[in-house]
Amino acid sequence: MMRRNRMYLIATLWCSLPAAHAAAACPPVTRVGLSDLGYTSYRDQGRIAGIAVDVANEMGRRTGCKFEFHWYPRQRLFVELAAGRIDMTMGALRTPERDAYARYLPYAWLQYDLVLAQSGGRQYASLSDFVAHGSGRLNVTRGAAYDTAIETQLALLASAGRLEVVNDFETVFGKLEMGRADGTLATPPIYGKYLKHSRLKARTVIVPLPEATPQFTGIYLSKQTISPAVRQRYAAALKAMTEEQKVRAIYTHYFDEATVKRTFRLGPAPLLGALSAED
């Protein structure tokens, strides 16, 4: 009997080792910075919610790590990350500037569209068409990153006095509704949320942009505060979620099937390739 109990104790301790190792791999808390990005991240009666929160919570469930959410203006978010005052951001495009102080883990795709508030008139086929033949003003948000081809067109708009930079998308869509701006650049998670219950929706035209290529959206992890072991653990969780199409399933809670299909049309292989490099 004593031998059996001793063997049971050894087996129990052996089985608990992976769980103990998993707990050791987690920091006390991972501070996650979020900002106004439509359905990606938003505030609802004091609570931070959205796709990014759902993705982080699923990562927490799989890794056993604790995530704490903090809200910032978009232009301040990456300043906080660079300073090491937060550990992670969500819903981010990859840029060389951010790579200098943080590591990137993608989990989905995004693509910008041209959102125009108009009831009729000329139809535009691209951003360059709008720049060359339009007269309206675009409002864009501080801290946003775009394709090089889009940045080129925005520079032309700025030089023509047709571009205004504002703090957040709430301001952008408020100005569109009041007729104080003519359009913006936004992704489906952003304009989908702001147009859902707005009078603006009936007179809005969405122009898919040939200048905008599908790009990763994902997580930046601070090089200062997140160890390589923890980064690899988070990458492994995202990889499993991608293989199981869990992130795609999260998107279905916010969008119709056509939007989800468009968002993930390039499939999981490029995402898995990028995440496998961090395993």
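The values are calculated or read from the model by the stated rules, or taken from the named source; none is laboratory data. Since we're looking at a predicted model, the values are computed, not measured. Heads up, the Cβs are rebuilt from the backbone with ideal geometry, glycines too, and the neighbour counts pull from every protein chain shown. Calculation scope for accessible area: heavy atoms of the full protein, side chains included, ligands and nucleic acids excluded. Shrake-Rupley method; radii C 1.70, N 1.55, O 1.52, S 1.80 Å.
For Ala149, the test of being out of contact with any strand residue (DSSP E or B) (no Cβ under 9 Å at 6 or more places or on another chain), within 29 Å of Leu275 (Cα to Cα), assigned to a helix (DSSP H, G or I) and not aromatic (Phe, Trp, Tyr) is passed. With respect to Ala258, determine if the residue is open to solvent by 30 Å² or more (accessible area, probe 1.4 Å) and part of a helix (DSSP H, G or I). So Ala258 passes the test. Taken together, the residues in region 88-101 that are loosely packed, with under 15 Cβ neighbours inside 10 Å and assigned to a loop (DSSP other than H, G, I, E, B) amount to 2. For region 188-220, the tally of residues that are in a helix (DSSP H, G or I), in contact (Cβ under 8 Å) with a residue 12 or more places away in the chain and farther than 30 Å from Gln232 by Cβ stands at 10. Screening Tyr104 with (1) in the same structural domain as Lys223 (by the TED database); (2) not in a strand (DSSP E or B) gives one miss only, at (2).
Each row is one residue, and each column tells you yes or no for (1) touching an Asp or Glu at 6+ places or on another chain (Cβ under 6 Å); (2) in a helix (DSSP H, G or I); (3) touching a residue at least 60 places away in the same chain (Cβ under 8 Å).
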{"residue": "Glu68", "(1), (2), (3)": "no, no, no"}
{"residue": "Gln75", "(1), (2), (3)": "no, yes, yes"}
{"residue": "Phe78", "(1), (2), (3)": "no, yes, yes"}
{"residue": "Leu81", "(1), (2), (3)": "no, yes, yes"}
{"residue": "Ile86", "(1), (2), (3)": "yes, no, yes"}
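So for region 205-221 (the condition being closer than 26 Å to Phe67 by Cα, open to solvent by 20 Å² or more (accessible area, probe 1.4 Å) and at pLDDT 95 or above), does at least one residue qualify? Yes. Leu185 passes every criterion in (1) open to solvent by less than 30 Å² (accessible area, probe 1.4 Å); (2) closer than 30 Å to Phe69 by Cα; (3) assigned to a helix (DSSP H, G or I) apart from (3).
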